[in-house]
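Notes for the one structure printed next.
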Amino acid sequence: MKLEHYEKIIKTENSARKFLLGFCWKNHQRFCPKCRTRRLYAIRKGYRRCSRCGYTFHDFSLRFLNNGNLSCQQWLRLIKLFELEAPTSRVAEQLGVSYNTAYKSVTTLRMAIVAHSLDARLIFSSIHGLDLAPSGKFRKESRHGLRMPVFGIVERGDHVFVDLIPELDAESILHFKMNFHLKTASIGKIIYTDRYKQYAALLIGGNALSTTYGVKHTDKGLFIDSSRGFWSFSKAWFQRLRGISPVNFPLYIKELEFRYNHRHDDIFPILAQYLCAFVPNFEE
Ligand SMILES: [Zn+2]
């Protein structure tokens, strides 16, 4: 989004709120987020109660942007800074909030991106430590003993799909390497492999592999090294990543997939839309 337009919508808290509400309620039509009833009554300021199920809610209840304590103007500034790939420390500084608040809000945005990806259901059901709750809250929790997930890259024309492959882990990649000579190389803290089945490469966060058995990941001429599209887009990105944990690795991967597939689009309104979406309940 051009700054000129951005400045207009962010001018006041009211205009920022109006912009976000446009993504929440089509034609301003409120309905109960739990049972979809339209018969509601207003109770105190900003709150409504459903006449059928009795649920009390406000305009942002059960949505991603209800996670994190930012005003509407701050959310829009956060989206702008995220669009420009500002590091979290800069986001905190620019929004005038603590690093933790900025980190939590950026995580909200990343969770919303993951939830909108094609394999969202699989990711939330198979990565322990990443959970979406029916209350509209989410949990991202690094726990001891979590397995580093493996992703596989599929390029289709102009798009890329970086799919979670739940049946693979660090051990399986080592096994393919030792017994079937699958080539591996590293970039930043990421380890990637040669072609595997339908995948142009497998990807895994490095720590799980690099220290094990003194195995080196320095092979040359891997299939994806000659790919110009997604791989050249990703290299600089991977080099910037630090501290990859099993729960934030999927967030980074899905952010990268999102940025690549929308590289010719204005991602500002898309991110606003994602943030305003209801937190899905994949357990239903
Ligand atoms: Zn209801």
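Structure notes:
- Panel order for 25, 237, by other beta carbons found within 10 Å of each beta carbon, from fewest to most: 25, 237.
- Cα shape, region 129-211, gyration tensor, a/c 1.5 rule: oblate
- Note on the chain: along the principal axes its Cα atoms extend 67, 42, 37 Å, ordered by decreasing extent.
- Cα-based convex hull volume of region 122-265 per residue, rounded to whole Å³: 124
- Directionally averaged shadow of region 174-257, computed from the convex hull of its alpha-carbon atoms, nm²: 5.6
- In terms of distances greater than 28 angstrom between alpha carbons, the cross-link table entries 2/34; 8/137; 80/254; 11/235 yield 2/34; 8/137; 11/235.
- Dipole in debye (nearest 20) - the chain, about Cα centre, beta carbon charges: Lys, Arg +1; Asp, Glu -1: 1240
- Nearest-20 debye value, region 37-98 charge dipole, Cβ charges on Lys, Arg, Asp, Glu: 640
- Cα-Cα pairs of region 55-181 separated by more than 18 Å (percent): 65
- Per residue, the average separation of C-alpha pairs within less than 8 Å and at least 6 apart gives region 122-265 a relative contact order of 25 percent.
- Here region 106-167 is treated as a Stokes sphere of Kirkwood radius computed over C-alpha pairs; at 4 °C and 1.567 mPa s its diffusion coefficient rounds to 100 µm²/s.
- Taking amide H positions as modeled 1.01 Å from N, with prolines and chain starts lacking one, the residues under 5 Å from residue 187 and 5 or more places away or on another chain are 192.
- Expected 222 nm ellipticity per residue - DSSP helices of 4 or more, -39500 (n - 2.57), all of the chain, to 500: -11500 deg cm²/dmol
- Across region 125-135, rounded Karplus estimates of 3J(HN,Hα) from the backbone phi angles (6.51 cos²θ - 1.76 cosθ + 1.60, θ = phi - 60°) give 8, 10, 9, 6, x, 10, 9, 10, 9, x, 6 Hz, Gly and Pro being marked x.
Each value in this text was obtained by applying a stated rule to the coordinates, not by laboratory testing. Fair warning: this is a prediction, and the values are worked out from it, not measured in the lab. Positions of Cβ are backbone-derived with ideal geometry, glycine not excepted, and every protein chain shown enters the neighbour counts.
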